[in-house]
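Data first, discussion second: the structure below is written as structure tokens.
Computed from the coordinates by the stated procedures, all read-outs in this text should not be read as laboratory data. This one's a predicted model, so the numbers in the text were calculated from it and none came from an experiment. Here the Cβ is made from the backbone with ideal geometry for all residues, glycine too, and neighbour counts use every protein chain on show.
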Amino acid sequence: MAAADPPLPLRATVTRAQQRAFAAQGYVPLAGLWGRALAEAVAEEGRRRHAVAEVPRGGPRTPVPARRVPRRATPAASGPLLARVHLALVGAARALTGRLLVPTFAAYGYYEGDDEVFLHVDTEQCDLTLLTVAFGEVGPLHVHPGLIGSTMERLGELEGDPGWDRTGGIRVTYPDTGVTALNGHVLPHHRPGSPRPGLHAVAALCYRSLF
Amino acid sequence: MPEDASQALVIADAENNYYVLPREVVEMARAAPEARAVIEEHLGAQGRVPLADGYTFVGVLRLRAEGEMTHYTTEASWPVATAP
């Protein structure tokens, strides 16, 4: 580690209460995993990597009617510091889930002017998804236990239904200097979206079960 | 493990510390049948030790560095809405 590098997350302790909450709800906040210096370094890397961000080829694809397709898809980029944080949290990921998880990908997703995320479940790369705000500000994620088991087509139908309550679901905020752990491949989630002037980024760290 | 909410598997380490694994935890860790060969490969030399209630200790799994990174990619991924 170079002298100027911020300290990575320590071997994170996951409490029994957090394990139980994750097992019962499919999500749990893990606050205080890192210090302000690392948060600032991640923010700096996130801003810098925006220059090379592009709409990724992979990831969940929610099929919606043409009128609901957003003007602009969310570009994403990886980064070496985020990758190191990703690897440093493998132990916490395993402790939380009780599964032999391995890292798959870590990325910054960029929202400009709006923070909307369409209803989806994560791909099989994400048996566990850790989410945090890299920089800027985004609204809470809305999770939908009642929609567990729905296909992406069904989730897309809801997104295209003007009668579907886009403010519904359980609101989950990302903790400061920590993550929201999400059973992302199982628990459908979305963010209704609101005007957000400027550039904002969420960092996602995904892990899948090896066996 | 039989259907009994109070049951747990208990193992001990070299210092005789107990580790109590509730049924739910053991069930969550059940590997897919198609993963057997890969698991056995990671176990290396193994000696099966019968425990109780039909359980058998098979070995200690050690992942090599490349095993930890089996599914790793630097390619970013993100949700996107598409027209069907």
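Odds and ends about this structure:
- What the phi angles of region B:67-74 give under the Karplus curve with 6.51, -1.76 and 1.60, with θ = phi - 60°, is a coupling list of x, 4, 9, 3, 10, 7, 9, 8 Hz, glycine and proline written as x.
- Residues whose amide H lies under 5 Å from that of A:VAL186, counting only those 5 or more places away or on a different chain, are A:ASP122; hydrogens are built 1.01 Å from N in the peptide plane.
- Residue by residue, region A:80-96 carries 3J(HN,Hα) couplings of x, 5, 4, 4, 5, 4, 3, 5, 5, 9, 4, x, 5, 4, 5, 5, 5 Hz when phi is fed to the Karplus relation 6.51 cos²θ - 1.76 cosθ + 1.60 (θ = phi - 60°); x denotes Gly or Pro.
- Charge sum, other residues only, whose C-beta stays under 13 Å from A:GLY98's C-beta, Lys/Arg counted +1 and Asp/Glu -1: +3
- Positive-pole candidate from A:GLY46, A:LEU131, A:ALA93, dipole of region A:1-148, charges at beta carbon: A:ALA93
- Label sites at B:VAL58 and B:TYR18, each approximated as a point 7 angstrom past Cα along Cα to Cβ, lie 2.6 nm apart.
- With contacts taken as Cα pairs under 8 Å and at least 6 residues apart, chain A reaches a relative contact order of 32 percent.
- Across region B:49-60, computed HN-Hα scalar couplings (Karplus, 6.51 cos²θ - 1.76 cosθ + 1.60, θ = phi - 60°) run 10, x, 9, 9, 6, x, 7, 9, 7, 9, x, 10 Hz from first to last residue, x flagging Gly and Pro.
- Basic side chains Lys and Arg get +1 at the Cβ, acidic Asp and Glu get -1 at the Cβ, and with that the dipole of chain B about its Cα centre reaches some 140 debye.
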